[in-house]
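A.B. asks: Supplied in structure tokens, the structure appears directly below.
The values are calculated or read from the model by the stated rules, or taken from the named source; none is laboratory data. Being a predicted model, the structure only gives us computed values, none of them experimental. Ideal geometry is used to build each Cβ from the backbone, glycine not excepted, and the neighbour counts take in all protein chains shown.
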């Protein structure tokens, strides 16, 4: 079951969902709008290797915007920091973003219960498009979970994205091979 606006508001008020900054105007009928943070990253190398730590360089999006091009994968970040302790968050792109040919995630739209961070966005575009820090970029929906949660994401020893940040985080897939 997807939470309605009144349920999201209630969960924010009781602390089981945390959204910072929280703006009531961003609350939709069954979602919460999130915005593009001020940092974007690109991988340093053209060829990425899943077994190694692929380095990125991060920069601030200029006030007058930044043009994304189809041949690159950009890592963006949400302006909003979120925590969910009893619900499963899903991040989807806004339809206005999709209509500009912008995809905000390749595969990682679902968060885990206990995820406490900003969201790294895997941004790709169909044609060149100019973006701006602070623009609406996606929407979070929250699902009720059934059953007891044994281990929240922030409690997992193997969790790779627990370090709180306001910048995009590169793939940590390489850590799966270090066993």
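A.B. asks: Please identify the pairs in which a residue from region 161-179 that is over 18 Å from residue 111 (Cβ atoms) has its Cβ atom under 9 Å from the Cβ atom of a residue that is at pLDDT below 85 and surrounded by fewer than 11 Cβ atoms within 10 Å (Cβ to Cβ), counting only partners at least 6 apart or on another chain.
C.D. replies: 175/158; 176/158
A.B. asks: Now for a different question. Pick from 19, 67: which is part of a strand (DSSP E or B), in contact with a helix residue (DSSP H, G or I) (Cβ under 8 Å, 6 or more places away or on another chain), in contact (Cβ under 8 Å) with a residue 24 or more places away in the chain and within 20 Å of residue 167 (Cα to Cα)?
C.D. replies: 19
Residue-wise test of (1) crowded, with 17+ Cβ neighbours inside 10 Å; (2) more than 22 Å from residue 93 (Cα to Cα); (3) at pLDDT below 95; (4) more than 16 Å from the chain's Cα centre (by Cα).
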{"position": "4", "(1), (2), (3), (4)": "no, no, no, yes"}
{"position": "8", "(1), (2), (3), (4)": "yes, no, no, yes"}
{"position": "18", "(1), (2), (3), (4)": "no, no, no, no"}
{"position": "28", "(1), (2), (3), (4)": "no, no, no, yes"}
{"position": "33", "(1), (2), (3), (4)": "no, no, no, no"}
{"position": "38", "(1), (2), (3), (4)": "yes, no, no, no"}
{"position": "41", "(1), (2), (3), (4)": "yes, no, no, no"}
{"position": "44", "(1), (2), (3), (4)": "no, yes, no, yes"}
{"position": "49", "(1), (2), (3), (4)": "no, yes, no, yes"}
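A.B. asks: Also: Give the residue, chosen from 34, 52, that is touching a residue at least 40 places away in the same chain (Cβ under 8 Å) and part of a strand (DSSP E or B).
C.D. replies: Going through 34, 52 in turn, the sole match is 34.
A.B. asks: OK, next. Restricting attention to strands (runs of 3 or more DSSP E) lying wholly within region 99-179, give those where 3 or more residues are under 14 Å from residue 76 (Cα atoms).
C.D. replies: 116-125, 136-144
So that you can scan it fast, the table gives a plain yes or no per residue for (1) touching a strand residue (DSSP E or B) at 6+ places or on another chain (Cβ under 8 Å); (2) outside any helix (DSSP H, G or I); (3) without any contact (Cβ under 8 Å) to a residue 60 or more places away in the chain; (4) within 18 Å of residue 105 (Cβ to Cβ):
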residue: 11; (1), (2), (3), (4): yes, no, no, no
residue: 25; (1), (2), (3), (4): no, no, yes, no
residue: 46; (1), (2), (3), (4): no, yes, yes, no
residue: 57; (1), (2), (3), (4): yes, yes, yes, no
residue: 90; (1), (2), (3), (4): yes, yes, yes, yes
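A.B. asks: Of the residues 59, 115, 142, which single one is at pLDDT 95 or above and crowded, with 20+ Cβ neighbours inside 10 Å?
C.D. replies: Being at pLDDT 95 or above and crowded, with 20+ Cβ neighbours inside 10 Å holds for just one of 59, 115, 142, which is 142.
A.B. asks: Same structure, new question: The conditions are (1) under 25 Å from residue 129 (Cα atoms); (2) buried (at least 17 other Cβ atoms within 10 Å of the Cβ), and residue 82 fails exactly one of them. Which is it?
C.D. replies: (1)
A.B. asks: Check region 124-141 and report whether any residue there is within 13 Å of the chain's Cα centre (by Cα) and more than 20 Å from residue 5 (Cβ to Cβ).
C.D. replies: No, region 124-141 contains no residue that is within 13 Å of the chain's Cα centre (by Cα) and more than 20 Å from residue 5 (Cβ to Cβ).
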